[in-house]
Amino acid sequence: MTTPVPRTLYIHDDLSEELRGRDEHAQQLGAALFERLHGDARIVVLTLDEQLDALVARGRHAPFTAAVGIGRAGRRVAAQVHARTGWFPRIHAVDLWREEDEAGDYVLAGSAALASRLAEIADVDSVAVVDDTIFSGLTMRAVLEALPVQSGRRVHAFCLRAVADSLTSVAVMAPVSAGVAAAGRILDDVSFINASGLVHRGAIRRTGQTPLAFFERPEWMEAWFPGYAEAIVTLCRELHEVVEAPRGDRAPRTRRGSPAPSAPRESHPSGSSARRSAPGR
């Protein structure tokens, strides 16, 4: 399937802060990358603060007994929101992600069975489910569906950014709040990526194979950066080599996104396959 060129590409800037702690060469490469991104009128670069501000402004909430943070990103967002609001005093970690299988379809995977992890909060009377992005809604819906049933429980989903159409499918299961909600069709009108995924491997997870960075998936780069993808790939590859190289003052870096045991195929909702169409959740 050919990846369409989205009308608007939203890029979450989770890279600039990392590069501020790097050497001058890495910072220069990063500056060159973001200069190219800001120069494309189709691209919207999102900062963490503006997304947190927008999410908190959606409405006040009483603290939840438990907050389920989906993956490392969801746990981080839950902690960042709690620091501003006090909503999530107890963050419950659930390792869950989307990965490509051998056929190129998307399936859910995790380090433990989802039902067993959520059983630990079966008796709580209020639950927040938190992720960084709702793109297809696959992971968020899976967690909401797997929550142990309890009459009268208060449940609310939260994310920093989302495709508005996907929020509709989540809202059928629970109220949902997003900092940035982009209108339009997934892939054709709107796509979301993280800037770090352009540089670090782990952005593309694959069943039984090593993870990839976005710059290693040429068809996606051509769709996101039409007419200048080669220049972006070159910058990203150079940045990758710089930031992944072991530094003399620390042990070699462990690459993020290493494979973990897959969750049962039953956790993959029917009709949610995307055949390598784009990243996201």
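The set of residues in segment 115-144 that are touching a helix residue (DSSP H, G or I) at 6+ places or on another chain (Cβ under 9 Å), surrounded by fewer than 22 Cβ atoms within 10 Å (Cβ to Cβ) and not basic (Lys, Arg) comprises Ala115, Leu118, Leu144.
Residues that are in a strand (DSSP E or B), farther than 22 Å from Ala164 by Cβ and open to solvent by less than 10 Å² (accessible area, probe 1.4 Å) within segment 184-215 comprise just one, Ile204. For segment 53-66, the count of residues that are touching a helix residue (DSSP H, G or I) at 6+ places or on another chain (Cβ under 7 Å), at pLDDT 95 or above and open to solvent by 80 Å² or more (accessible area, probe 1.4 Å) is zero. Taken together, the residues in segment 8-26 that are in contact with a Ser or Thr (Cβ under 9 Å, 6 or more places away or on another chain) and over 15 Å from Leu198 (Cβ atoms) amount to 1. In segment 126-148, the residues that are over 25 Å from Asp189 (Cβ atoms) and without any contact (Cβ under 8 Å) to a residue 60 or more places away in the chain form no Cβ pair under 8 Å with any partner that is of a type in the set (Ser, Thr, Tyr) and part of a helix (DSSP H, G or I), whether six or more places apart or across chains. For segment 235-256, the candidate set comprises residues that are modelled with pLDDT of 60 or more and open to solvent by 90 Å² or more (accessible area, probe 1.4 Å); within that set, the residue that is farthest from the chain's Cα centre (by Cα) is Arg247.
Checked against the criterion of being touching a residue at least 12 places away in the same chain (Cβ under 8 Å) and in contact with an Asp or Glu (Cβ under 8 Å, 6 or more places away or on another chain), the candidates Leu52, Leu48 yield just one match: Leu48. For segment 81-99, a residue qualifies if it is open to solvent by less than 50 Å² (accessible area, probe 1.4 Å) and either over 24 Å from Leu138 (Cβ atoms) or free of Cβ contacts under 8 Å to residues at least 60 places away in the same chain (or both), and the qualifying residues are Thr85, Gly86, Trp87, Phe88, His92, Ala93, Val94. Taking the listed residues Leu9, Leu46, the one that is under 19 Å from Ala229 (Cα atoms) and crowded, with 18+ Cβ neighbours inside 10 Å is Leu9, with no other qualifying. Taken over segment 164-183, the criterion of being assigned to a loop (DSSP other than H, G, I, E, B) and either farther than 15 Å from Arg141 by Cα or in contact (Cβ under 8 Å) with a residue 60 or more places away in the chain (or both) is satisfied by Ala183 alone. For segment 1-35, filtering for residues that are in contact (Cβ under 8 Å) with a residue 40 or more places away in the chain, of a type in the set (S, T, N, Q) and not in a loop (DSSP other than H, G, I, E, B) leaves 2.
The values are calculated or read from the model by the stated rules, or taken from the named source; none is laboratory data. Because the structure is predicted, anything quoted here is derived from the model rather than measured. Note: ideal-geometry Cβ built from the backbone for every residue, glycine included; neighbour counts use all protein chains shown. These area figures cover heavy atoms from the full protein model, side chains too; ligands, DNA and RNA do not enter into them. Shrake-Rupley method; radii C 1.70, N 1.55, O 1.52, S 1.80 Å.
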